[in-house]
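Below: one structure, written as structure tokens.
The values are calculated or read from the model by the stated rules, or taken from the named source; none is laboratory data. As the structure is a prediction and not an experimental result, all values here were calculated from the model. All Cβ positions, glycine included, derive from the backbone under ideal geometry; neighbour counts span all protein chains shown. Note: areas computed on protein heavy atoms with side chains; ligands, DNA, RNA excluded. Shrake-Rupley method; radii C 1.70, N 1.55, O 1.52, S 1.80 Å.
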Amino acid sequence: MVELHGQCQCGQLRYRVTGRVATLFACHCRDCQRQSASAFGMALWLGDYQLTLLRGHTAQWARHTPSGRITDCQFCPQCGSRLFHQNRDTPQFLSIKPGSLDDTAWLRPVAHIWKQSAQPWLPLPADSLHYAGNPDDFADLLAAWQQAPGDCRA
Ligand SMILES: [Zn+2]
Ligand SMILES: [Zn+2]
């Protein structure tokens, strides 16, 4: 189990989350590019999690995906930082936007998905899993995390 702390950009919201890190991947789809207004998004999945807001509150937006799934997205209502995602299909995982963590030094994505829309100037690490689009099965990403070096994979 890990205990992680983070906050939004303006700092009105701080959180603590405990849980088991299931995987960490980068998504280069157009939707994540738009959401982050940058080159890609990262997703840190936690199982057996407990999320506590230490200060502030989130606002929520339900995103309907083209494939018919729904993701509940939580963000800071003041500065707009996106913090947490929950896919209604996989409620056992909380997906954190890990750039919001206080300590980001240990973050090494084990997979890069939606490579087909990745920015062409960005070299993707050869020792990670690559997918042209969405993985058929995220089990491979979970297994890759178990094999990945790092301090925080408990
Ligand atoms: Zn904020
Ligand atoms: Zn994406």
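Couple of notes before you dig in:
- Here is the figure for the range 94-149: residues that are of a type in the set (Val, Ile, Thr) and out of contact with any His (no Cβ under 9 Å at 6 or more places or on another chain) total 2.
- Residue in the range 104-112 that is part of a strand (DSSP E or B), within 25 Å of residue 136 (Cα to Cα) and touching a Ser or Thr at 6+ places or on another chain (Cβ under 9 Å) present: yes
- Against the list (1) open to solvent by less than 50 Å² (accessible area, probe 1.4 Å); (2) among the hydrophobic types (A, V, I, L, M, F, W, C); (3) away from ligand 1 (no atom under 16 Å from the Cβ), the condition residue 114 fails is (1).
- Looking across 82, 14, one residue alone is charged (D, E, K, R), surrounded by 16 or more Cβ atoms within 10 Å (Cβ to Cβ) and within 22 Å of residue 1 (Cβ to Cβ). It is 14.
Conditions (1) without any contact (Cβ under 8 Å) to a residue 40 or more places away in the chain; (2) closer than 20 Å to residue 29 by Cα, marked per residue:
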{"residue": "49", "(1), (2)": "no, no"}
{"residue": "53", "(1), (2)": "no, no"}
{"residue": "62", "(1), (2)": "yes, yes"}
{"residue": "87", "(1), (2)": "yes, yes"}
{"residue": "104", "(1), (2)": "yes, no"}
{"residue": "139", "(1), (2)": "yes, yes"}
{"residue": "144", "(1), (2)": "no, no"}
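- Some residue of the range 54-66 being over 21 Å from residue 105 (Cα atoms), in a loop (DSSP other than H, G, I, E, B), of a type outside the set (S, T, N, Q) and at pLDDT below 95: yes
Rundown of residues vs (1) at pLDDT below 95; (2) among the β-branched types (Val, Ile, Thr); (3) away from ligand 2 (no atom under 16 Å from the Cβ), yes/no style:
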residue	(1), (2), (3)
74	no, no, yes
90	yes, yes, no
100	no, no, yes
114	no, no, no
119	no, no, no
130	no, no, no
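- Counting residues in the range 26-42 that are among the hydrophobic types (A, V, I, L, M, F, W, C), in contact (Cβ under 8 Å) with a residue 12 or more places away in the chain, within 16 Å of ligand 1 (Cβ to nearest atom) and out of contact with any His (no Cβ under 8 Å at 6 or more places or on another chain) gives zero.
- Answer residue from the range 61-77, given it is under 18 Å from the mean Cα position of the chain (by Cα) and loosely packed, with under 12 Cβ neighbours inside 10 Å and is nearest to ligand 1 (Cβ to nearest atom) among those: 61
- Leading residue by the ranking (nearest to ligand 2 (Cβ to nearest atom)) among those in the range 33-59 that are closer than 25 Å to residue 142 by Cα and open to solvent by less than 30 Å² (accessible area, probe 1.4 Å): 41
- Residue selection: residue 100 satisfies the criterion of being touching a residue at least 24 places away in the same chain (Cβ under 8 Å) and either open to solvent by 10 Å² or more (accessible area, probe 1.4 Å) or of a type in the set (S, T, N, Q) (or both).
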